[in-house]
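Trainee: Take a look at the following structure, please.
The values are calculated or read from the model by the stated rules, or taken from the named source; none is laboratory data. On a predicted model such as this, the values are computed, not experimentally measured, just so you know. Neighbour counts are summed over all protein chains in view; Cβ atoms, including those assigned to glycine, are modelled from backbone coordinates with ideal geometry. Protein only, heavy atoms only, side chains kept; ligands, DNA and RNA dropped before computing areas. Shrake-Rupley method; radii C 1.70, N 1.55, O 1.52, S 1.80 Å.
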Amino acid sequence: MRAVDIIVKKRNGKALSKEEINFLIQGYTQGIIPDYQLSAFAMTIYFQGMDEAEIAHLTSSMVQSGNQVDLSRIRGIKVDKHSTGGVGDKTTLVLIPLVAAASVPVAKMSGRGLGHTGGTLDKLESIPGFQINLDDDTFINQVNRVQCAVIGQTTNLAPADKKLYALRDVTGTVENIPLIASSIMSKKIAAGTDAIMLDVKVGSGAFMKDMASAEELARTMVAIGAHVGRETRALLTNMDQPLGCHIGNALEVKEAIQTLQGKGPEDLRDLCLTLGSHMLQMAGAKEDTRVLYDKLEKILAEGKALKKLAQMIEAQGGDARVIDEPDRILPQAQFMIPVMAEQEGCVHALNALEIGQCAMLLGAGRETKEAKIDLAVGIVLHKKMGDWVKRGEPLATLYANDQQKGQLVQERLLKAYHIAPEQTAGKPLILGLVDQEGTHMMS
Ligand code: URA
């Protein structure tokens, strides 16, 4: 086999075999096939696409390029959750203890974030002492004891994806559904859980800007799951405005705690209960998701999920006093800068991407992998879509450690709000569900 012949075959629009895909991916991981041939390969996929079987082979080949986590020593059916990413997305921090409190084990490997704010690991690290590097035995024992753990991804998980993603990033081949779907699913499959719950975001603050591409991505990932025998479902959720009201690492931890205390924003709470109800069903619960939603609601109201978060923080060396005293334990920004409405009216739009970029300018996110983030800074929104605001009322508060940056962001954030005189309703958050039977749109 020669790499060039496989590239030409794909360039001419033909479907590749499992062996051909394996040849390229394993050869590339081992350094035998050079970057320039894989770049050309990625570009042919960008223009010619891949069928379902090819995408599944590509995913499996990337899974096999490294280690696969063995979670068989954890009792019960393990369900993982993954979000395609958005602004203010702190779902994992609420969902993991919630599902664990319902006796479904969650052994989660998370990543750091590139972009607006950090990833789950950065957020958790804003809790003093929290350890994200646990060895396999400690990780597995903790899940058996506490029902949940969140750790950093081990370096050898789908190394082909890591190498290929870095190449795609500089060759204009990131925005392609077969490549995105196989990239995400290879890491989830290698992480060893039995089932996978996806949250595919759609809107201005998401990777997928329109519903058709979000649905296609969701369908592609669900089909990959079916091919490799891991049940996969995907919720399609709106990301035209941020999720919840807090954006920034420590601020998002605080909002997650508030949500577990029953004092959080409704959109975040509803999303966690919905994702959780599907996770319970995939873990073997026989009830309807509506019944499971109610069951999780009760667990939340009884404070069991909050207690579970405290147990997980303690087990991973973190300061669990954060639950009762978040402002004392979490890093705090020096300056709080209000952003006032310049006119009365209703919030018609709240550009999630723009708000994410504002958070990034304050220092909450990293532009390069090596950049350091400021865990304390961020934005708290007081008004979201559908809310009425009077002139001079605060729309948001900026948490900054640099006054000059704060002032710059103040002006920019104001422009992210579109306020108009007519009352309008907010947009629904949950737009649809994709499972093995197809797409079910929520009306
Ligand atoms: N996230 C991933 O993990 N891979 C992609 O290709 C895009 C987003």
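Trainee: On the full set of protein chains, 1.4 Å probe, figure out the accessible area of residue 304 and give it in Å² to the nearest 10.
Mentor: 100 Å²
Trainee: Once phi is turned into ³J(HN,Hα) by the Karplus curve 6.51 cos²θ - 1.76 cosθ + 1.60 with θ = phi - 60°, what whole-Hz value does each residue of the stretch 16-21 show in order, with x for glycine and proline?
Mentor: Here the 3J(HN,Hα) series is 8, 7, 4, 5, 5, 5 Hz.
Trainee: Given a 1.4 Å probe and the protein chains all in place, what does the accessible area of residue 282 round to, in Å² to the nearest 10?
Mentor: Around 10 Å² of this residue is reachable by solvent.
Trainee: Now, a different point. For residue 287 and residue 19, calculate 0.36 nm times their separation in residues minus their Cα-Cα distance, and state this gained length in nm to one decimal.
Mentor: Difference between extended and current length: 92.3 nm.
Trainee: For residue 82, what accessible surface area do you get with a 1.4 Å probe? Give it in Å², rounded to 10.
Mentor: Estimated to the nearest 10 Å², residue 82 gives 50 Å².
Trainee: Write down the Kirkwood hydrodynamic radius of the stretch 272-414, to one decimal in angstroms, obtained as one divided by the mean of 1/r over all alpha carbon pairs.
Mentor: 18.3 Å
Trainee: With a ≥ b ≥ c taken as the square roots of the eigenvalues of the C-alpha gyration tensor of the stretch 128-265, please select rounded if a/c is under 1.5 and otherwise prolate if a/b is larger than b/c or oblate if it is not?
Mentor: Because a/c hits 1.5 or more and a/b fails to exceed b/c, the stretch 128-265 counts as oblate.
Trainee: Kindly write out, for the stretch 65-74 in residue order, the coupling ³J(HN,Hα) from the Karplus curve 6.51 cos²θ - 1.76 cosθ + 1.60 (θ = phi - 60°), rounded to whole Hz, with x marking Gly and Pro.
Mentor: 6, x, 7, 10, 6, 9, 9, 5, 7, 8
Trainee: Placing unit charges on C-beta atoms (Lys and Arg positive, Asp and Glu negative, everything else neutral), compute the dipole magnitude of the chain about its Cα centre in debye, rounded to 20.
Mentor: 460 debye
Trainee: Please work out how much length the chain gains when fully extended from residue 325 to residue 370, using 0.36 nm per residue of separation minus the C-alpha to C-alpha distance, in nm with one decimal.
Mentor: Additional length available on full extension: 13.1 nm.
Trainee: Label points 7 Å out from Cα along the Cβ direction at residue 412 and residue 307: separation in nm?
Mentor: So the label points at residue 412 and residue 307 sit 4.4 nm apart.
Trainee: Let me ask something additional. Run through the DSSP bridge list for the chain and note the antiparallel percent, rounded to the nearest 5.
Mentor: 55 percent
Trainee: Moving to a separate point now. Using a probe radius of 1.4 Å on heavy atoms only, what accessible surface per residue do you get for the chain? Whole Å² is fine.
Mentor: 41 Å²
Trainee: Residue by residue through the stretch 42-54, what is 3J(HN,Hα) from phi via Karplus (6.51 cos²θ - 1.76 cosθ + 1.60, θ = phi - 60°)? Round to whole Hz and write x for glycine and proline.
Mentor: With the stated coefficients, the stretch 42-54 comes to 4, 5, 5, 5, 4, 8, 9, x, 9, 7, 4, 5, 4 Hz.
Trainee: Going from most exposed to least, what order do 171, 232, 155, 138 have by accessible area with a 1.4 Å probe?
Mentor: Greatest to least solvent exposure: 155, 138, 171, 232.
Trainee: Taking the Cβ of residue 338 as the centre, find all other residues whose Cβ is under 15 Å away and add up their charges (Lys, Arg: +1; Asp, Glu: -1).
Mentor: Net local charge, residue 338 excluded: +1.
Trainee: Okay, next question. Among 36, 399, 28, what's the order by accessible area (1.4 angstrom probe), most exposed first?
Mentor: 36, 399, 28
Trainee: Another question about this same structure. Rank these by accessible area, largest first, 1.4 Å probe: 372, 307, 108.
Mentor: These residues rank, largest area first, as 372, 307, 108.
Trainee: What does the C-alpha gyration tensor say about the overall shape of the chain? Classify as rounded when a/c is under 1.5, otherwise prolate if a/b is larger than b/c, or oblate.
Mentor: prolate
Trainee: Using a 1.4 Å probe over the heavy atoms of the protein chains, calculate the carbon and sulfur portion of the accessible area of the stretch 243-289 as a whole percent.
Mentor: So the carbon and sulfur contribution to the accessible surface is 44 percent.
Trainee: Using 1/(1 + (r/R0)^6) with R0 = 45 angstrom and r between the beta carbons of residue 403 and residue 154, what's the FRET efficiency to the nearest 0.05?
Mentor: After rounding, the FRET efficiency stands at 0.65.
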